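For reference, the structure discussed in these notes is given below.
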Amino acid sequence: MKRVLITGGAGFIAHHLIYHLIKETDWEIVSLDRLDYSGNLNRLDNILSNLSDTDRARVKIVFHDLKSEINPWIMKEIGDINFILHLAAGSHVDRSIEFPMEFVMDNVVGTANILEYARYINTEKSKLERFIYFSTDEVFGPAPDGINYKENDRYNSTNPYSATKASGEELAVAYQNTYNLPIIITHTMNVFGERQHPEKFIPMCVKKIRDGETVTIHSDKSKKIAGSRHYIHAEDVSEAILFLLRSKIKNEVDWGGAKCPKFNIVGSEELTNLELAEIIAKAQNKKLNYEMVDFHSSRPGHDLRYSLSGEKMKSMGWVPKIKVSNRIKQVVQWSLENPSWIEL
């Protein structure tokens with residue numbers, strides 16, 4: 001039986017991934033988390049309560065802060081591991097702008113420590129099968145209209161969050177090159193779904209529209225063009241991760257000798273923030289009250305448009321199966337039925 005270590009297991013995306021792996025495999029899962037601003041054990045409790053006793057027993061929770069090395073005591077708690085999925089990270093742009101060193105410690109030092117652990121356990125006797133470093137579209141910076149960044153395009157970090165994620169990527173590439181670790185890197189865009197933190201745009205919109213409040217829409221200087229993203233549901237991301245774990249991936253070497261395969265996990269539709277808010281309002285049969293605000297000028301570090309190309313994963317045989325607009329309606333309905341998850 002395979003065993004998977006997932007860092008940040010009580011986080012938003014990771015808890016969806018745990019649930020997906022439990023449903024789709026017979027693997028055992030170790031969730032490594034320190035439980036801070038992003039982590040919430042209630043997420044795991046919520047999903048595990050729907051499982052059988054046998055399936056619940058396949059999930060083990062280990063407490064550890066990755067700013068510290070994984071010592072022998074924690075290693076013993078983790079046990080033997082086949083896969084490492086590194087999702088633990090500080091991910092809030094506003095907080096990274098206000099507290100950049102926190103993000104350096106979490107996303108750079110934390111990544112170095114999990115890579116050191118991977119190097120330690122990857123022995124001739126017990127080879128690590130795969131390490132996935134979970135990165136973001138924001139490492140590429142803002143995307144002009146018509147531009148969809150491919151996996152190996154140049155990076156242009158515009159805030160401390162994206163810079164620290166890019167730094168983690170470079171560490172992953174270095175460890176793959178220096179220590180021959182089986183690492184791949186993924187980029188995702190604006191993941192949403194059930195049990196997301198209420199400060200995020202979609203749960204915030206659901207609550208504000210429900211309560212008849214005004215929704216703030218991120219726009220350009222003219223306050224006429226809304227920002228846009230390729231939104232993707234966490235379940236689709238989980239499906240893509242499992243697809244990559246099961247795929248035979250050859251080590252890619254480009255003309256400059258760069259190694260470490262990279263994959264963009266992209267939603268099926270690009271939506272402006274205004275279009276997204278309109279879908280959420282329609283799903284509730286409510287009127288949308290909104291105000292266009294030029295965030296890009298007033299809040300440096302925030303970009304109007306991000307965009308990735310999903311052609312590489314598509315050529316391999318993976319695309320999201322459900323339209324993002326239908327996924328949004330699904331999340332709206334769930335959120336209205338479980339209102340404690342959209343209220344601070």
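The values are calculated or read from the model by the stated rules, or taken from the named source; none is laboratory data. Owing to the predicted nature of the structure, the values given are computational and were not obtained by experimental measurement. Note: ideal-geometry Cβ built from the backbone for every residue, glycine included; neighbour counts use all protein chains shown. For accessibility, only protein heavy atoms count, side chains too; no ligands or nucleic acids. Shrake-Rupley method; radii C 1.70, N 1.55, O 1.52, S 1.80 Å.
Mind listing just one residue for me: the one in segment 131-146 that is surrounded by 14 or more Cβ atoms within 10 Å (Cβ to Cβ) and out of contact with any helix residue (DSSP H, G or I) (no Cβ under 6 Å at 6 or more places or on another chain) and, of those, nearest to H230 (Cα to Cα)?
Let us first name the residues in segment 131-146 that are surrounded by 14 or more Cβ atoms within 10 Å (Cβ to Cβ), namely 131-143.
From what is left, the residues that are out of contact with any helix residue (DSSP H, G or I) (no Cβ under 6 Å at 6 or more places or on another chain) are 132, 134, 137, 140-143.
On the way: I132: 21, F134: 17, D137: 10, F140: 14, G141: 14, P142: 13, A143: 12 Å.
That would be D137.
So, of the residues in segment 1-15 that are open to solvent by 20 Å² or more (accessible area, probe 1.4 Å) and in a helix (DSSP H, G or I), which turns out to be farthest from S238 (Cα to Cα)? Spell out the reasoning first.
The initial filter retains those residues of segment 1-15 that are open to solvent by 20 Å² or more (accessible area, probe 1.4 Å), namely 1-3, 12-13.
Filter again for in a helix (DSSP H, G or I), leaving 12-13.
Working: F12: 12, I13: 8 Å.
Here the answer is F12.
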Query raised in the report: Restricting attention to segment 306-338, which residues are open to solvent by 50 Å² or more (accessible area, probe 1.4 Å), in a helix (DSSP H, G or I) and farther than 23 Å from I147 by Cα?
Result: N326, K329, Q330, Q333, L336, E337
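Kindly indicate whether any position in segment 107-126 is closer than 23 Å to S228 by Cβ and β-branched (V, I, T). Before the answer, list the steps.
The initial filter retains those residues of segment 107-126 that are closer than 23 Å to S228 by Cβ, namely none.
For segment 107-126, residues closer than 23 Å to S228 by Cβ and β-branched (V, I, T): absent.
Based on what the data block shows, is G79 under 19 Å from I121 (Cα atoms) and either open to solvent by less than 70 Å² (accessible area, probe 1.4 Å) or under 22 Å from the mean Cα position of the chain (by Cα) (or both)? Reasoning before the result, please.
Values: under 19 Å from I121 (Cα atoms): yes; either open to solvent by less than 70 Å² (accessible area, probe 1.4 Å) or under 22 Å from the mean Cα position of the chain (by Cα) (or both): yes.
The answer is yes for G79.
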Requested in this report: Could you list, in sequence order, all residues of segment 1-42 that are among the basic types (K, R) and closer than 10 Å to A88 by Cβ?
Outcome: R34
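Inspect all residues belonging to segment 29-50 and state whether any of them is of a type outside the set (K, R), in a strand (DSSP E or B) and either over 18 Å from I132 (Cβ atoms) or modelled with pLDDT under 95 (or both).
Filtering segment 29-50 for residues of a type outside the set (K, R) gives 29-33, 35-42, 44-50.
Still in the list and also in a strand (DSSP E or B): 29-33.
Imposing the further condition that a residue be either over 18 Å from I132 (Cβ atoms) or modelled with pLDDT under 95 (or both) reduces the set to 33.
Looking through segment 29-50, at least one residue is of a type outside the set (K, R), in a strand (DSSP E or B) and either over 18 Å from I132 (Cβ atoms) or modelled with pLDDT under 95 (or both).
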Report summary line: Note on segment 225-265: residues closer than 25 Å to V331 by Cβ and either at pLDDT below 95 or of a type in the set (F, W, Y) (or both) are A226, G227, S228, R229, H230, Y231, F243, F263
Query - Residues of segment 84-113 that turn out to be in contact with a Leu (Cβ under 6 Å, 6 or more places away or on another chain) and part of a strand (DSSP E or B), as a count - result: 1
